[in-house]
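Below is one structure, written out as structure tokens; the observations come after it.
Each value in this text was obtained by applying a stated rule to the coordinates, not by laboratory testing. Only a predicted model underlies this, so the values are computations on that prediction, with no experimental measurement involved. Here Cβ is always computed from backbone atoms with ideal geometry, including for glycine, and neighbour counts include all displayed protein chains.
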Amino acid sequence: MKMMIGRKRMKIKPGSLQTDLSVLQRKSSENVMENEAFREFLRLREGPLDSLVAELNAEVTKLIDCTSCGNCCRSLMINVSTDEAVKFANRINKSLSEIKADYLEESIGGQLVINTIPCHFLAENKCTIYADRFEDCRAFPHLDKPGFSQRIFGTLMHYGRCPIIFNVIEELKQRTNFTRQ
Ligand code: SF4
Ligand code: SF4
């Protein structure tokens, strides 16, 4: 049986967000079972989840300073399309082969990826090529896209990494009246 659950509309208080990466990492281990139950809870839920997640994402993103974090750039493998690599090479007056030699490698699946983690272009938590950053960088943490229910497994993989994801998920638990484990 599917459940229809009410939605409380309250603004997130700035001081209520968790941005300490060591706390996120600890909570990520502690909340494995709870997050699995939440995933199942959302699977059975009816109602507009995408708009709620997008709304929470907008609220949380406004309150979190990514330049104080930079954890995605320090820990994720970033895909780069050939078109992006060509565009970037032109932008910095290098050839594609120079860009590939300096910054990229091919993954096992043949996809171009940035060849260092943390990323070459990160300095003091800031992207030094921000205006030219790649689509994979721009899209993270993917909370403003449709189809959240189909992507929740992937989103939860970054629960302990990204303060935006962590706080959106925690707020989503409250606003959907999920019973914590
Ligand atoms: S290119 Fe910029 S935004 Fe993308 S991972 Fe590197 S530092 Fe981060
Ligand atoms: S997107 Fe998430 S992990 Fe990346 S810098 Fe912003 S808060 Fe940190």
### Message
With bins 5 Å wide starting at 0, give me the P(r) of the stretch 130-177 over every alpha carbon pair, in whole percents.
### Response
5, 19, 26, 27, 13, 7, 2, 1, 0
## Note on the structure
Ranking 47, 118, 154 by how far each Cα lies towards the positive end of the charge dipole of the chain (+1 on Lys and Arg Cβ, -1 on Asp and Glu Cβ), the top one is 47
### Summary
PRE zone check, label point 7 Å out along Cα-to-Cβ of residue 30, amide N under 17 Å, scope the stretch 141-181, hits 159-163, 166-171, 173-174, 180-181
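Which value at 222 nm does the chain reach when only helices count, each DSSP H run of 4 or more adding -39,500 (n - 2.57), with the total divided by all residues and rounded to the nearest 500 deg cm²/dmol? Provide the component values of the computation, followed by the final result.
Numbers: 9 runs with 89 residues, N = 181.
That calculation yields -14500 deg cm²/dmol at 222 nm.
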### Task
Quick one: which residues, 5+ away or cross-chain, put their amide H under 5 Å from the amide H of residue 112? H built at 1.01 Å from N.
80, 107
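Can you tell me, using C-alpha contacts under 8 Å and at least 6 residues apart, the relative contact order of the stretch 116-179 as a whole percent? Write down the numbers at each step before the final one.
Values: 20 pairs, mean separation 10.9, N = 64.
After rounding, I find 17 percent.
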### Summary
In order over the stretch 106-115: 3J(HN,Hα) from phi, Karplus 6.51/-1.76/1.60, θ = phi - 60°, whole Hz, x for each Gly or Pro, gives 9, 6, 4, x, x, 7, 6, 9, 5, 8
### Task
Evaluate the distance, in nm, between pseudo-label points positioned 7 Å from the Cα of residue 97 and of residue 82 along their respective Cα→Cβ axes.
1.6 nm
### Task
Would you mind getting me the FRET efficiency between residue 50 and residue 135? Use the beta-carbon distance for r and R0 = 22 Å, nearest 0.05.
0.60
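Stokes-Einstein diffusion coefficient for the stretch 66-137 at 4 °C in a medium of 1.567 mPa s, Rh from the Kirkwood formula over Cα pairs: what value in µm²/s?
Details: Rh = 12.4 Å.
This corresponds to a translational diffusion coefficient of 104 µm²/s.
Rounded to the nearest 20 debye, what is the charge dipole size of the stretch 77-139 about its Cα centre when +1 sits on each Lys and Arg Cβ and -1 on each Asp and Glu Cβ?
On the way: 7 positive and 10 negative charges, 38 e Å.
For this selection, approximately 180 debye.
Whole number please: convex hull volume per residue, Cα atoms of the chain, in Å³. Intermediate results must be reported in sequence, preceding the final value.
Values: hull volume 24.4 nm³, N = 181.
In the chain, the Cα hull volume divided by residue count equals 135 Å³.
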